[in-house]
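Remarks on the structure that follows.
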Amino acid sequence: MNIKIICVGKLKEKYWIDALAEYSKRLSRYAKTDIIQIPDEKIPDNPSDKECEIIKGKEAAAIQKYLKNNDYIISLCVEGKQMDSIAFAGHIKQLGIDGVSNIAFIIGGSLGLDECIKQMSQMRLSFSKMTFPHQLMRVVLAEQIYRAFKIINGEIYHK
């Protein structure tokens, strides 16, 4: 399986970079994983709603350049479906059974994702009703994808 994690913004802190690299390495046993970082747009102080929409639109255009027609797109957004790790693993497994070999996870920037990205997604996924820094979300997502493959393969992984 091919996994793309498309993220808005660049990781700067070494601890996030190291954590993401560790889960990418672990995932390499199960899937080809590609982490794509889209530059985030400058956000002015106190942006208007219109300015926010323009910024999200520019970020969406950059994201779309990395999406292919055969990608199963999962957007991370607060209004998405919540599931536990077992259900998430089951979903990934079912995608494989259904012949899906390319999954693209999308994490927006600090303003979230443009509606056009959400609409083109086959799934909207939420890890919580809480808001998380998008840098942390990359690590959490990579860990959960790794956990899903461990579950799918019946391998032991800490609870």
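So the values come out like this:
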quantity: Residue ID - least open to solvent (accessible area, probe 1.4 Å), chosen from residues in the stretch 111-148 that are assigned to a helix (DSSP H, G or I) and acidic (Asp, Glu); calculated: GLU143
quantity: Count - residues of the stretch 74-112 that are of a type in the set (Phe, Trp, Tyr) and out of contact with any strand residue (DSSP E or B) (no Cβ under 7 Å at 6 or more places or on another chain); calculated: 1
quantity: Search result, residues across the stretch 44-103 that are part of a strand (DSSP E or B) and open to solvent by less than 50 Å² (accessible area, probe 1.4 Å); calculated: TYR72, ILE73, ILE74, SER75, LEU76, CYS77, GLY80, ASN102, ILE103
quantity: One residue from ILE107, ILE156 being more than 16 Å from the chain's Cα centre (by Cα) and among the aliphatic types (A, V, I, L, M); calculated: ILE156
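The values are calculated or read from the model by the stated rules, or taken from the named source; none is laboratory data. All values derive from a computational prediction rather than experimental measurement. We place every Cβ from the backbone using ideal geometry, glycine too, and count neighbours over all the protein chains shown. These area figures cover heavy atoms from the full protein model, side chains too; ligands, DNA and RNA do not enter into them. Shrake-Rupley method; radii C 1.70, N 1.55, O 1.52, S 1.80 Å.
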